[in-house]
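Asks: Pasting in a structure now, in structure tokens, and then I'll have a few things to ask.
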């Protein structure tokens, strides 16, 4: 982070000098181009004219205005901001992977196909399920793929099921996906401890229920203790159980989700499998499912045929494509590199340390920031501002901004929606005890400041490149481009 | 323009002012306060048939969106173009400059079932947390 | 493994928590589910072993001199692009939920949106989507929301995978109708439009189209408008260095595949969905959008905006379920276009056209080969070949040249043809090798 006074926040276009050049294209074949004037664009695109050094300096300066996992503790709940191993990046950049055309002949793609096949088989085993597609580009995209697969499954059985049951603690993507797919959503109120209410669920399950979508552990960081009974009840009603795998970091190598009774789940490689978030993407997703659902997964998948790997376009029952070409293979190479670096036991150690870290933070802060749930948490905990700060009119947002001033990224705030003023902390397994101690100290300092000088906290952040921004103006008079 | 005491209220926080069979609909003072700065309004097109208790407009703040439910069956006869251009009008005067649309009621008697000012006040108290 | 905890750390932490053992923390998980057996390698690899394994795998992918295009293009990616995208302040940040701590990512998104608008000649753009296909499908969905109609008219030259993805998006509702505008000489038959457009939500076109040909879209937007339909245009952003923009021919939504802008092929992803539209449709844009605003002191800053449309607020009423964008890919594209500038984009587009024109000239001179279509093309073209195109491709691969994509599986009506692509990365010598390989493969 650079000091505030030295910030030159001009846009690249404002640095532009007519006639200045960066990269040139000198291929002599250019001269062969010929285009009728009526097909040509009339104006020049409004792009900056900069030297290469201008560009490097501009974007390097911008990079320094960001918090990131490499520079700051980033305890964003449900996002699993763990260390992104550098080795993964090197693997993805290998020529043979990076420069492979998606329509390359299978004979030319044996390395990548083998990698995808091995990644898929290992994931099936790790999760206790039978089949996988690596095509989805992200978590929400996986949900879409999963529900579509479920839909095709029911259609093949000539069953008309139109409802998706979603607990009120779920990620917003669950109901959004359901509605995008033409399903109606049944919202299920959680029990006071945040768990699904089995008796209430049974009342809503019926011949119209297609899928029960649930996050395990749930968004309060609590395991669904009755999951077997829940899955059984859903199955008795003829419905499928979909597990939102956003919180898989709590279970990996410790529990096989397939054994819990679920039918399908999704993965977020950019969460559990350490691929970088890149400022909001790219990610990669997967749907892992039981045998019964396998024929409906998107195509192509990879099949081993003798010693050779081939793209498998299925038997015609597939839902088709959810993305052009194969999927975010570049991200999957990173995930595979991470896979190679862990035995099953070491995956278990990830879950163990993620759970210890979350409970450790929770215990350090419990007196000042009461935990919403009264029991131990899994990989993340949901805290609240507590009576002292509430009495001063301070909100979760103020605490979030106070953390920025102390060199910590804020946790996820105001989610899950069922918790008033939620502060959702997921430390992940890659943070050390010392970092968590320092974070807790900052949270305590914020509490003390909030009590002694609430205005100072309300005015925070004070040390960032900008102060609190006018989001009302941004939305009322959108300025979205130069 | 009506006063807060003179209009009827729904449980979904719309107000309705009926003159003959023409009703004016807006967002209650309470609701605009809860939402904070309103940044965008999407209004129904004139001529659209409205169904009682079905969403027919959307009001957005920075981080929330609020469906407006029609208090009556009827047809949209006018919309307040001014709030589309300047949604802050809803915050400034929800009952005057901030009205949303006018509806020609199929059956004005339907308004009888809505809450008056006092009943709405009680309703808010009951639902406060 | 990347866990820092020593045994001592874990003991101390459990003690601070007040738990006698780790098992106490996970009592909520029925014990029969805990610590199952895994049929996986007992030992993980150390870094050098993993590097060897990955290097071995990467070498199993052969690297022919490739003339494949069809929606993904081999281009030179400048060192400066890699230098910026590997800065870990960009690489390891997340979605800019805390704008004060994410101005770098946010300003980049703003500049990216501006770049997309500039290239496509459109009013506004979002922070990107998964890929060209998902942008295309989302744009068509938006036209369905705007018009309330469910008939989708599309040109036969739209990328087949874009159409596949679109059909998958709408797979839940059989009431959608897809009407194809027939092809004439490799491009959309404009004369057929008025009859087909009645009652349509949109006309979806692509230019250059899947076969590489440039569509003449003058008057098409008017034809759509007359029928009450909107125009969705997909266009390769590199081609827009010289070609008429979607804004100029009146598109309502313009989309494209941003892989062309400095991203590696990576066997299909991650790529970059470009999405732009006219101002009046700004609230129909799915996904993230960044806006410029001011902070408390009046200083310029950037935030995510128009969020009330999104899934985390609207849940089942959201415009889309999408919550990520391809921010790092968008950064690469923004750096790439900033390096080139308007002149460089023109040079790049012309170099692509020139390389493809040269390849077409050389290949069509081979006995038995000819250009299938006469119309102007951008950086790929359809070559009619004598005999099986697929067999020729396999034969040429043996010589280390991938001569292009056989089209018969996708467009049987075209007969034995190859879609051949030459970008600015192909030299005169490369094209001489291509010519030789094709000759020998006949």
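The values are calculated or read from the model by the stated rules, or taken from the named source; none is laboratory data. The shown structure was predicted, so the numbers you read here are calculated from the model rather than taken from an experiment. Here the Cβ is made from the backbone with ideal geometry for all residues, glycine too, and neighbour counts use every protein chain on show.
Asks: Can you go through A:57, A:10 and tell me which one is surrounded by fewer than 20 Cβ atoms within 10 Å (Cβ to Cβ) and not in a loop (DSSP other than H, G, I, E, B)?
Replies: None of the other options fit; the residue is A:57.
Asks: So which residues in segment C:263-278 are assigned to a loop (DSSP other than H, G, I, E, B), within 10 Å of chain A (Cβ to nearest Cβ) and at pLDDT 95 or above?
Replies: Result: C:263, C:264, C:265, C:270, C:271, C:272.
Asks: Looking at segment A:460-482 only, could you name the residues that are crowded, with 16+ Cβ neighbours inside 10 Å and more than 7 Å from every other protein chain (Cβ to nearest Cβ)?
Replies: Selection gives A:460 alone.
Asks: While we're on this one: Just to be sure I understand, how many residues within segment C:353-369 are within 8 Å of another protein chain (Cβ to nearest Cβ) and under 23 Å from the mean Cα position of the chain (by Cα)?
Replies: Looking only at that region, the number is 2.
Asks: If you take the residues in segment B:1-43 that are surrounded by fewer than 22 Cβ atoms within 10 Å (Cβ to Cβ), under 13 Å from residue B:83 (Cβ atoms) and within 14 Å of the chain's Cα centre (by Cα), which one is modelled with the highest pLDDT?
Replies: B:24
Asks: Hey, another quick one. Has segment A:123-132 got at least one residue that is within 29 Å of residue A:194 (Cβ to Cβ) and surrounded by fewer than 23 Cβ atoms within 10 Å (Cβ to Cβ)?
Replies: Taking every residue of segment A:123-132 in turn, at least one turns out to be within 29 Å of residue A:194 (Cβ to Cβ) and surrounded by fewer than 23 Cβ atoms within 10 Å (Cβ to Cβ).
Asks: So, in segment A:439-461, how many residues would count as being touching a residue at least 24 places away in the same chain (Cβ under 8 Å) and either touching a strand residue (DSSP E or B) at 6+ places or on another chain (Cβ under 9 Å) or in a helix (DSSP H, G or I) (or both)?
Replies: Result for segment A:439-461: 14.
Asks: Out of C:288, C:283, C:225, I need the residue that is facing another protein chain (nearest Cβ under 8 Å) and in a helix (DSSP H, G or I). Which one?
Replies: Being facing another protein chain (nearest Cβ under 8 Å) and in a helix (DSSP H, G or I) holds for just one of C:288, C:283, C:225, which is C:283.
Asks: Taking segment A:118-137 only, how many residues are farther than 23 Å from residue C:161 by Cα and either touching a strand residue (DSSP E or B) at 6+ places or on another chain (Cβ under 8 Å) or outside the structural domain of residue A:310 (by TED's automatic domain parsing) (or both)?
Replies: Of the residues in that region, 7 qualify.
Asks: Any residue in segment A:330-345 that is in contact (Cβ under 8 Å) with a residue 24 or more places away in the chain, assigned to a helix (DSSP H, G or I), within 21 Å of residue A:81 (Cβ to Cβ) and in contact with a strand residue (DSSP E or B) (Cβ under 6 Å, 6 or more places away or on another chain)?
Replies: Within segment A:330-345 (the criterion being in contact (Cβ under 8 Å) with a residue 24 or more places away in the chain, assigned to a helix (DSSP H, G or I), within 21 Å of residue A:81 (Cβ to Cβ) and in contact with a strand residue (DSSP E or B) (Cβ under 6 Å, 6 or more places away or on another chain)), the answer is no, since none of the residues qualifies.
Asks: Does segment A:349-365 contain at least one residue that is modelled with pLDDT of 95 or more and more than 14 Å from chain C (Cβ to nearest Cβ)?
Replies: No, the conditions are met nowhere in segment A:349-365.
Residue by residue, here is whether (1) touching a residue at least 40 places away in the same chain (Cβ under 8 Å); (2) under 23 Å from residue C:83 (Cα atoms); (3) in the same structural domain as residue A:423 (by TED's automatic domain parsing) holds:
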| site | (1), (2), (3) |
| --- | --- |
| A:18 | no, no, no |
| A:31 | no, no, no |
| A:41 | no, no, no |
| A:45 | no, no, no |
| A:50 | no, yes, no |
| A:53 | no, yes, no |
| A:68 | no, yes, no |
| A:79 | yes, no, no |
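Asks: With (1) touching a helix residue (DSSP H, G or I) at 6+ places or on another chain (Cβ under 7 Å); (2) buried (at least 24 other Cβ atoms within 10 Å of the Cβ); (3) at pLDDT 95 or above as the list, and residue C:250 as the residue in question, which single condition is left unmet?
Replies: (2)
Asks: Another question about this same structure. Under 6 Å between Cβ atoms, which residue pairs at least 6 apart in sequence (or on different chains) link something in segment C:192-221 that is without any contact (Cβ under 8 Å) to a residue 12 or more places away in the chain with a partner that is part of a loop (DSSP other than H, G, I, E, B)?
Replies: From segment C:192-221, the pairs are C:192/C:182.
Asks: Restricting attention to strands (runs of 3 or more DSSP E) lying wholly within segment A:251-323, give those where 3 or more residues are within 21 Å of residue A:114 (Cα to Cα).
Replies: A:285-289, A:301-305, A:308-312
Asks: Looking at segment A:189-230, which of its residues are out of contact with any helix residue (DSSP H, G or I) (no Cβ under 9 Å at 6 or more places or on another chain) and outside any loop (DSSP other than H, G, I, E, B)?
Replies: Of everything in segment A:189-230, those that are out of contact with any helix residue (DSSP H, G or I) (no Cβ under 9 Å at 6 or more places or on another chain) and outside any loop (DSSP other than H, G, I, E, B) turn out to be A:199, A:200, A:203, A:204.
Asks: What number goes with the only condition from (1) touching a helix residue (DSSP H, G or I) at 6+ places or on another chain (Cβ under 7 Å); (2) crowded, with 16+ Cβ neighbours inside 10 Å; (3) free of Cβ contacts under 8 Å to residues at least 12 places away in the same chain that residue A:101 does not pass?
Replies: Of (1) touching a helix residue (DSSP H, G or I) at 6+ places or on another chain (Cβ under 7 Å); (2) crowded, with 16+ Cβ neighbours inside 10 Å; (3) free of Cβ contacts under 8 Å to residues at least 12 places away in the same chain, only one is false for residue A:101: (1).
Asks: Consider only pairs whose beta carbons are under 7 Å apart and that are at least six residues apart or on different chains; among these, list those whose first residue lies in segment A:365-379 and is within 18 Å of residue A:444 (Cα to Cα) and not assigned by TED's automatic domain parsing to the domain that holds residue A:415 and whose second residue is at pLDDT below 95 and buried (at least 20 other Cβ atoms within 10 Å of the Cβ).
Replies: No pair meets every condition.
Asks: Tally time: how many residues in segment A:14-58 are more than 23 Å from residue C:424 (Cβ to Cβ) and at the interface with chain C (Cβ under 7 Å from one of its Cβ atoms)?
Replies: 1
Asks: While we're on this one: Among C:120, C:94, which is the only one that is crowded, with 24+ Cβ neighbours inside 10 Å and more than 28 Å from residue C:204 (Cβ to Cβ)?
Replies: From the options C:120, C:94, the qualifying one is C:94.
Asks: Here's something else I'd like to know. Please find, within segment C:61-75, the residue that is surrounded by the most Cβ atoms within 10 Å (Cβ to Cβ) out of those that are more than 7 Å from every other protein chain (Cβ to nearest Cβ) and closer than 25 Å to residue C:209 by Cβ.
Replies: C:67
Asks: Tally time: how many residues in segment C:8-60 are within 34 Å of the chain's Cα centre (by Cα) and within 7 Å of another protein chain (Cβ to nearest Cβ)?
Replies: Adding up the residues that qualify gives 9.
Asks: How many residues are within 7 Å of chain A (Cβ to nearest Cβ), modelled with pLDDT of 70 or more and in contact with a strand residue (DSSP E or B) (Cβ under 9 Å, 6 or more places away or on another chain) when one looks only at segment C:308-328?
Replies: Within segment C:308-328, residues that are within 7 Å of chain A (Cβ to nearest Cβ), modelled with pLDDT of 70 or more and in contact with a strand residue (DSSP E or B) (Cβ under 9 Å, 6 or more places away or on another chain) number 2.
Asks: While we're looking at this one, here's another question. How do the strands (runs of 3 or more DSSP E) wholly within segment A:71-188 filter down when requiring 3 or more residues that are at pLDDT 95 or above: which remain?
Replies: A:131-133, A:163-167
Asks: Give segment A:306-321 a look and list any residue that's under 21 Å from residue A:109 (Cα atoms) and either surrounded by fewer than 22 Cβ atoms within 10 Å (Cβ to Cβ) or at pLDDT below 95 (or both), or say none.
Replies: A:306, A:307, A:308, A:310, A:311, A:312, A:313, A:314, A:321
Asks: Taking the residues in segment A:384-408 that are within 11 Å of chain C (Cβ to nearest Cβ) and closer than 27 Å to residue A:168 by Cα as candidates, determine which candidate is surrounded by the fewest Cβ atoms within 10 Å (Cβ to Cβ).
Replies: A:397
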